[in-house]
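The values are calculated or read from the model by the stated rules, or taken from the named source; none is laboratory data. Computed from a predicted model, the values in this text were never measured in an experiment. Every residue, glycine among them, receives a Cβ derived from its backbone with ideal geometry; neighbour counts consider all protein chains shown.
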Amino acid sequence: MSVVQSVDSVALLPAYLAAGTAVLVLLTDLLVARAAATVAVAAAGSVATALGCAVVGAGGERSTFCVGADCSYVFGGRAALVGALFALLTLGVLALSGPLLRAGKSPVGEYCFLLACSMTGGVVLGAAGDLITLIVALETLTLPLYVLVGLRRGSLAGAEAAVTFFVVSVVATTLTLLGAALLYAVTGGLHLGRVGALFAERPDLLDVPLTTAAVALVLLGLAFKVAAVPFHAWAPATYDGAPLPVAAYLSTASKLGGVVALLAVVQRALPAEVTGPVLAGLAVLTMTVGNLVALRQRRAVRLLAWSSVAQAGYILAPLGALALAAGRAADARAAAYAAAVAYAVFFVVLELAAFAALVALRPADADGGTLVELRGAARRRPWVGAAFALALIGLAGLPPGLAGLFAKVTVVRALLDGGAAWLALVVAVNAVIGLAYYLRVAALLYAPAADAAPVPARPAGTVAVALAAATAVALVVGFAPQLVLDLAAR
């Protein structure tokens, strides 16, 4: 009996646009050989990809590569949100990369091509409907980053960071693939919906030791990608050794990819009774260790790196409550998923804003430097300093950073609705701990400078990115938060 697989090119349009951007960047770099033209093509492709995600997502859910009811690619509201976010993050990082590329330390064509390839993986990841598509998309997102981290010429720190990132990621991918293979051995399927339905129909499978091993390996492999404690040690060193724009992309797009992959398998495939306690434990460890270690950091990028580790704990917290929410109304479970997605969205935009301001305050090819070097920066560069402070306050979850405040309130509300009041208390306590270092850095920006050393000038475009990103996310009001939650819930 022949099996016919359906193909919907409209559903694949965002992936076509992202992959086409990578090809056009290569051709432009080869035929035109002008840095400005190459960057312009990459930027235009990112905008086109974001628009394509919005247009296709507005038309309702579309599926392709389907055999019967099992589809490997499902593009709906959440996939459109994730794909557009990856495209916009790529556009933002391209804008931040101008000083680095003009300094000639990184080849423009290869740099833009690798970013476009990573964007392609992110777009496909949001729509992945089976484990193979999900893992391949996650590796397509991650693989170019190994090279980008070490692409800066003459940088030993960059080379060391790239090797560290590569070795850890290979181990994580191996664990995930082994877990997927064991899950296939238990269930006989790879499509997320089919695996989830089988566990619902046959709860006795949860008592099989092979099931426990499979679920544990998949979760641990994806925990590496999210930089959850105790699988986080690679993140601070890698972020600090990478060029600042690449560190921004790692801290935002790479972490978002891990969150999206983890959310997909937890929501649609793996049983909440098994994953809930594991993710709750990971969330508590991640937010607590990340915040406590961030208190002692003296380097700007390392502080942001440990901050992002702590923020990953807040994202994992609603998923950790699913074991308790499993016996409750479907609305409680949907709220937990939506809270995790919404928090991830607001976090990556705020984090990009913080990195944008840091790029604007540092020399073109310099690293993030120490916190002492940022002392008084807002007095010398008021607008950029204000943008940096606003992004930090948003990450802390304080007004006027309404985006960060909304995200934390959403997580706490989802935990309370899911019956995990103890986990909501842990989130609240860690949020208070986080205030110590976020506000300390914000105050340092306005402290009297120890000397009158000038901050290097920056092109208006870089400063505009810092200001626009920080201001936009800090002043989110009205329909925007609800729009994100609505898309996340689909």
Q: Working only within the stretch 237-270, note down all residues that are buried (at least 24 other Cβ atoms within 10 Å of the Cβ), over 15 Å from the mean Cα position of the chain (by Cα) and part of a helix (DSSP H, G or I).
A: T238, G241, L244, V265, V266
Q. Residues in the stretch 373-392: is at least one under 24 Å from G83 (Cα atoms), buried (at least 16 other Cβ atoms within 10 Å of the Cβ) and modelled with pLDDT of 85 or more?
A. yes
(Q) Is it the case, given these coordinates, that V149 is within 20 Å of the chain's Cα centre (by Cα) and either under 19 Å from G368 (Cβ atoms) or of a type in the set (D, E, K, R) (or both)? (A) yes
Q: Looking only at the stretch 115-127, decide whether some residue is crowded, with 23+ Cβ neighbours inside 10 Å and more than 17 Å from the chain's Cα centre (by Cα).
A: no
Q. Take the residues of the stretch 85-137 that are outside any helix (DSSP H, G or I) and in contact with a Ser or Thr (Cβ under 9 Å, 6 or more places away or on another chain): which is farthest from G188 (Cα to Cα)?
A. K105
Q.
Go through (1) touching a residue at least 40 places away in the same chain (Cβ under 8 Å); (2) assigned to a helix (DSSP H, G or I); (3) of a type outside the set (D, E) for P144 and report which single condition fails.
A. (1)
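For the condition part of a loop (DSSP other than H, G, I, E, B), surrounded by fewer than 24 Cβ atoms within 10 Å (Cβ to Cβ) and among the aliphatic types (A, V, I, L, M), what is the one hit in A424, A428, A366?
A366
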Q | Residue in the stretch 17-25 that is modelled with pLDDT under 85 and assigned to a helix (DSSP H, G or I) present | A | no
Q) Just to be sure, is T64 in a helix (DSSP H, G or I), under 19 Å from L125 (Cβ atoms) and among the polar types (S, T, N, Q)? A) no
Q: Could you figure out which of (1) modelled with pLDDT of 60 or more; (2) assigned to a helix (DSSP H, G or I) isn't true of A450?
A: (2)
Q: Return yes when R102 is more than 17 Å from the chain's Cα centre (by Cα) and touching a residue at least 24 places away in the same chain (Cβ under 8 Å) and no when it is not.
A: yes
